[in-house]
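Student: Take this structure first; my questions come after.
Values quoted throughout were computed directly from the atomic coordinates according to the rules given, and no laboratory measurement underlies them. In this text the structure is predicted, and so the values were computed from the model without any measurement. All Cβ positions, glycine included, derive from the backbone under ideal geometry; neighbour counts span all protein chains shown.
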Amino acid sequence: MSGAILAGLGIYIVTEARGWEYLGPDGPGPGFFPLWYGITIIVLSLVLVGRNVMARASEPAAATNWREVGRALAAWAGLAACVGLLKVLGFLLAFALFSFFLVAVMYRRPLAPSAAIALGMALGFYLVFPVALNVPLPTGRLGF
Amino acid sequence: MDVIGHLYQGFAVALEPANLFWCFVGVFLGTIIGVLPGLGPAATIAMLLPLTFQMNTTSAIIMLAGIYYGSKYGGSTTSILLNVPGESASVVTCFDGYQMAKQGRAGPALGIAAIASFVAGTVGVVALMLVAPPVARLALSFSSPEYFALMCLGLAMVVLLAGASLLKALLAMLVGLWIAGMGTDLFTSTSRFTFGHAELLDGIDFVVVAIGVFALGEVLANMEMRGGARMLPVPKGLRNLLPTWQDLKDCRFAFLNGSVIGFLIGVLPGAGSTIASFISYGVEKAVSKRPEKFGTGVPEGVAAPEGANNSETGGALVPMLTLGIPGSGTTAILLAALILWGLKPGPLMIQDNPSLFWGLVASMYIGNVMLLVLNLPLIPLFAQILRLPAYALYPVIFGISLVGVYSVSGSLFDVWMLAAFGLLGYAMRRLDYPAAPLILGLVLGDAMERALRQSLMMSQGELSILVARPVSATMLFLAVLLLATPLFKKANALRVKAIEQAD
């Protein structure tokens, strides 16, 4: 699967690189280097796909633990939602919600301590970054 | 004499109050992240990199290097108390360290780890100080073809030792080269791989990729499971941490062995501290009068790998500072930091920035003393960090990553890219693609393309220039030979064994 995706990436790189100058009067153009590593990606990923197919024919692949993958993807989805909310709610609120999600949902802590941890995190970040270090945080439509 | 004069200057820089403070912050943070399993120095340095842009560059490199070598001191604590290595380089310390702890000798095991780290770490700095200037002078004779060949050789070594699958390591490195190529071509101003986004015209910021792949990828992988390991009791009081006179006598060769092997392996790109600690342990066992006791809790089984692990840092800084070629993910991030601060790591680095180089060397002497003082009496305190629950730690890492990336560019687009690279980092871990070659490809991609194109400009497009010059021809031949290793059964078996042990 990853080999097929990388082969697709290699084809994209080669297609793009062919649109740029390969060798000009001053030497190699912008297409020279990408063309070569693009071709190498295609060749190596096809070898990887071929090897995996042959290996599966002789021995079935180990089963993926989807429960573990699901936990990691759920955490990532929470992060993506937090990033999406930065423009609307600002960092402090979006991060507090994300922290609450991690503590209460991912680690199944009781709601009240989870809310306290989430608010404490947001307050801590506010005190360390904008106040102590003068590092700006993304602000939302509410002005903070 | 010259070295002593420079070192004197270096101490004048390192002993400035601000630099002493940042050195302490670095080694303190390093010890903490070394203790915490699942958060490595590469991820921490990547996360903190954006915050260093407001700092003086000498103070910043002193702090980041402190995190790097400080993490190696802390890594042994979890190996000994939990049988869980804080860093991959501390795997070997588990063998005898955990056995000593189970026999009620956790204190001496932790003490020996700290003393070995101090002795070998200091030897590593002495060797760095003596070896780096001549290497830089040698590299001054290099031109574009030699640089291109040197980067190929460095990448080949890293790829060779990064993962069990050479194919996957090569593919990760090539993806790194592709990401490095995004943005405007410096020779012709052609925009490449920007997907129509104006935000990508300047390329993807290194910080975004490094934090995403290392820090977020690591945290997401750790979040797959909810549970934690069970810790053995932590000894209290300095007296209980000091090894006996017999322990120190048993370890005297291990201190030397770890120091020398660690530095030599560190200079080679790709090998890294994990392999250094395994080799040092193997040598110690081979020359020991009681090899059968190894693995049952002998102090020299702790001293040799811990020494090698720490001495390796000095070795790893030699190619990074003098040639601009990093040998691991962490040194790649340190190299990128130097470039982002406007410095040019390479043969002229020491000559052009003597106060930075010698200040860094002197700070490493001071940092090693700080670490010994911190680690011996405060190990019980640091071990308490292990009681910090994951649900309190991970939101902090996510938060620092988001703020760090946003503080570099003020762009929410970059924050989205961070999330995307976090997912990529997790997928790479899950699918057994090593992250180090990707980061190295990313750091070296631009310089490698520039060196290749400049070489071909010199020869009017003739590729033969790369093999017509003896130094570049030799390095390219070695690179090809390294990548051909899997074709030779015995050599490949050794390679896979080294990597499996490192995993």
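Student: Give the residue from B:G342, B:V403, B:G107 lying farthest towards the positive end of the charge dipole for region B:2-502; charges sit on Cβ (+1 for Lys and Arg, -1 for Asp and Glu) and the dipole is referred to the Cα centre.
Tutor: B:G107
Student: Among residues other than B:R450 whose Cβ falls under 13 Å from its Cβ, what is the net charge (Lys/Arg +1, Asp/Glu -1)?
Tutor: Net local charge, B:R450 excluded: -1.
Student: How high is the relative contact order of chain B, in percent, with contacts defined as C-alpha pairs under 8 Å that are six or more residues apart?
Tutor: Relative contact order of chain B: 29 percent.
Student: Right, something else. May I ask for the net charge around B:D414, where only other residues with Cβ less than 12 Å from the Cβ of B:D414 are counted and Lys, Arg are +1 while Asp, Glu are -1?
Tutor: -3
Student: Relative to the longest principal axis of chain B, what angle (0 to 90°, nearest 10) does the C-alpha long axis of helix B:57-82 take?
Tutor: 40
Student: Then there is this: What percent of all Cα-Cα pairs in the protein assembly as shown falls into each 10 Å bin, going from 0 up to the bin containing the maximum distance?
Tutor: Pairs per bin, as whole percents: 3, 15, 26, 28, 19, 7, 1, 0.
Student: Now for a separate question. Taking the convex hull of the alpha carbon atoms in chain B, what volume per residue do you get, in Å³?
Tutor: 148
Student: Ok, one more. On average, how many beta carbons from a partner chain sit within 10 Å of the beta carbon of a residue in B:406-413?
Tutor: 3
Student: Same structure, new question: Helix B:412-430 sits at what angle to the longest principal axis of chain B, using alpha carbons and giving 0 to 90 degrees rounded to 10?
Tutor: Helix B:412-430 sits roughly 60 degrees off the main axis of chain B.
Student: Under the rule of -39500 (n - 2.57) per DSSP H run of 4 or more residues, summed and divided by the residues of the protein assembly as shown, what mean residue ellipticity at 222 nm is obtained, to the nearest 500 deg cm²/dmol?
Tutor: Helix-only estimate at 222 nm: -23500 deg cm²/dmol.
Student: A further question follows. Please give the average number of partner chain Cβ atoms lying within 10 Å of the Cβ of each residue in A:68-75, rounded to a whole number.
Tutor: For this peptide, the per-residue mean of nearby foreign Cβ atoms is 6.
Student: Answer rounded, prolate or oblate for region A:2-58, using the Cα gyration tensor with square roots of eigenvalues a ≥ b ≥ c: rounded when a/c is under 1.5, else prolate when a/b is larger than b/c, else oblate.
Tutor: Prolate, since a/c reaches 1.5 and a/b exceeds b/c.
Student: Check B:R192: other-chain or 5+ apart residues with amide H under 5 Å from its amide H, H built from backbone geometry?
Tutor: B:G183, B:T184, B:D185
Student: Once amide H atoms are placed 1.01 Å from N in the peptide plane, what residues at a sequence separation of 5 or more from B:L348, or on another chain, have their amide H within under 5 Å of its amide H?
Tutor: Distant-sequence amide H within range of B:L348: zero hits.
Student: Would you please put B:315-323, B:388-396 in order of how densely packed they are, using the mean number of other Cβ atoms within 10 angstrom per residue and starting with the highest?
Tutor: My ranking of the peptides, most packed first, is B:315-323, B:388-396.
Student: For a protection proxy built on the mean count of beta-carbon atoms within 10 angstrom, sort B:120-130, A:9-19, B:53-63 highest first, please.
Tutor: Peptide ranking by packing, descending: B:120-130, B:53-63, A:9-19.
Student: Here is a follow-up. Give me, ordered by chain and number, the residues 5 or more places off A:L23 or on other chains with an amide H under 5 Å from its own placed amide H.
Tutor: A:G29
Student: Just name one of B:A43, B:T31, B:A169: the one whose Cα is farthest towards the positive end of the charge dipole of region B:28-176 (beta-carbon charges, Lys/Arg +1, Asp/Glu -1).
Tutor: Result: B:T31, furthest along the dipole toward the positive end.
Student: Based on the mean of other Cβ atoms within 10 Å per residue, sort peptides B:256-268, B:455-467 so the most packed one is first.
Tutor: Per-residue Cβ counts within 10 Å, averaged per peptide and sorted highest first, yield B:256-268, B:455-467.
Student: Can you tell me the orientation of helix A:32-58 relative to chain A, as the angle in degrees between its alpha-carbon axis and the longest Cα principal axis, to the nearest 10?
Tutor: The helix A:32-58 is inclined about 90 degrees to chain A.
Student: Would you mind giving the mean number of other chain beta-carbons within 10 Å of the Cβ of each residue in A:132-143, as a whole number?
Tutor: Mean partner shielding for this stretch: 2.
Student: Here's a follow-up. Near B:K489, which lysines are there with a Cα under 23 Å away, not counting those fewer than 8 places off in the same chain?
Tutor: B:K168, B:K497
Student: From the C-alpha coordinates alone, can you work out the Kirkwood hydrodynamic radius of region A:1-95, in Å?
Tutor: 17.2
Student: By the scheme Lys and Arg +1, Asp and Glu -1, what is the net charge of all other residues having a beta-carbon under 15 Å from that of A:N65?
Tutor: Once all neighbours under 15 Å are counted, the net charge is +2.
Student: Take the Cα radius of gyration of region B:246-312 and divide it by 2.2 N^0.38 Å, with N its residue count; two decimals is plenty.
Tutor: 1.02
Student: Treating only the Cβ atoms of Lys and Arg (+1) and Asp and Glu (-1) as charged, compute the dipole magnitude of chain A about its Cα centre; round to the nearest 20 debye.
Tutor: 640
Student: Relative contact order of chain A, please, whole-number percent, based on alpha carbon pairs below 8 angstrom and at least 6 residues apart.
Tutor: 19
Student: Turning to a different aspect of this structure: Using only alpha carbon pairs under 8 Å that are at least six residues apart, calculate the relative contact order of region A:2-58 and give it in whole percent.
Tutor: Value for region A:2-58: 42 percent.
Student: Here is a further query. Through the Karplus equation 6.51 cos²θ - 1.76 cosθ + 1.60, θ set to phi - 60°, convert the phi angles of region B:94-104 into ³J(HN,Hα) values in whole Hz; use x for Gly and Pro.
Tutor: Result, ordered by residue: 4, 3, 9, x, 5, 5, 4, 5, 5, 8, x Hz.
Student: Can you give me the C-alpha center-to-center distance between region A:13-52 and region B:98-157, rounded to a whole angstrom?
Tutor: Here the answer is 36 Å between Cα centres.
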